Ligand code: SF4
């Protein structure tokens, strides 16, 4: 699959010039789910997670986001694409 994820969150560890996400995978969840889960619940565990609904785009979030320079950058087991 030739997928491009565009993102403007430029303080994320996975953000790159041109507003590209260079994470090898990401996890999008309802806000309520993300706020209750630790950092290690992320894209690498997606197949184990129960699907859930959201009322609008404002109720979704990128669970893979981690601030640049954070000591939590490796907690999600997601890597940058080369
Ligand atoms: S991980 Fe999420 S927040 Fe970070 S650049 Fe990719 S899409 Fe944006």
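See the values below:
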item: Residue 31 being touching a helix residue (DSSP H, G or I) at 6+ places or on another chain (Cβ under 7 Å) and more than 8 Å from the ligand (Cβ to nearest atom); result: yes
item: Enumeration of residues in region 40-69 that are within 19 Å of residue 10 (Cα to Cα) and surrounded by 14 or more Cβ atoms within 10 Å (Cβ to Cβ); result: 60, 61, 62, 63, 64, 65, 66
item: Residue check, residue 53 over 23 Å from residue 3 (Cβ atoms), away from the ligand (no atom under 13 Å from the Cβ) and over 13 Å from the mean Cα position of the chain (by Cα); result: no
item: Residues that are in contact (Cβ under 8 Å) with a residue 40 or more places away in the chain and in a loop (DSSP other than H, G, I, E, B), drawn from region 53-68; result: 64, 65, 66, 68
item: Count of residues meeting criterion [assigned to a loop (DSSP other than H, G, I, E, B) and over 18 Å from residue 44 (Cα atoms)] in region 12-31; result: 3
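Residues checked against (1) in a loop (DSSP other than H, G, I, E, B); (2) in contact (Cβ under 8 Å) with a residue 40 or more places away in the chain:
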residue	(1), (2)
10	yes, no
35	no, no
39	yes, no
45	no, no
51	yes, no
75	yes, no
78	yes, yes
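Conditions (1) within 13 Å of the ligand (Cβ to nearest atom); (2) at pLDDT 95 or above; (3) out of contact with any helix residue (DSSP H, G or I) (no Cβ under 8 Å at 6 or more places or on another chain), marked per residue:
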{"position": "5", "(1), (2), (3)": "yes, yes, yes"}
{"position": "10", "(1), (2), (3)": "yes, yes, yes"}
{"position": "27", "(1), (2), (3)": "yes, yes, no"}
{"position": "42", "(1), (2), (3)": "yes, yes, yes"}
{"position": "74", "(1), (2), (3)": "no, no, yes"}
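The values are calculated or read from the model by the stated rules, or taken from the named source; none is laboratory data. Not measured: the values here are computed from a predicted model. Because the Cβ atoms are built from the backbone with ideal geometry, glycine has one as well, and the counts that use them run over all protein chains shown.
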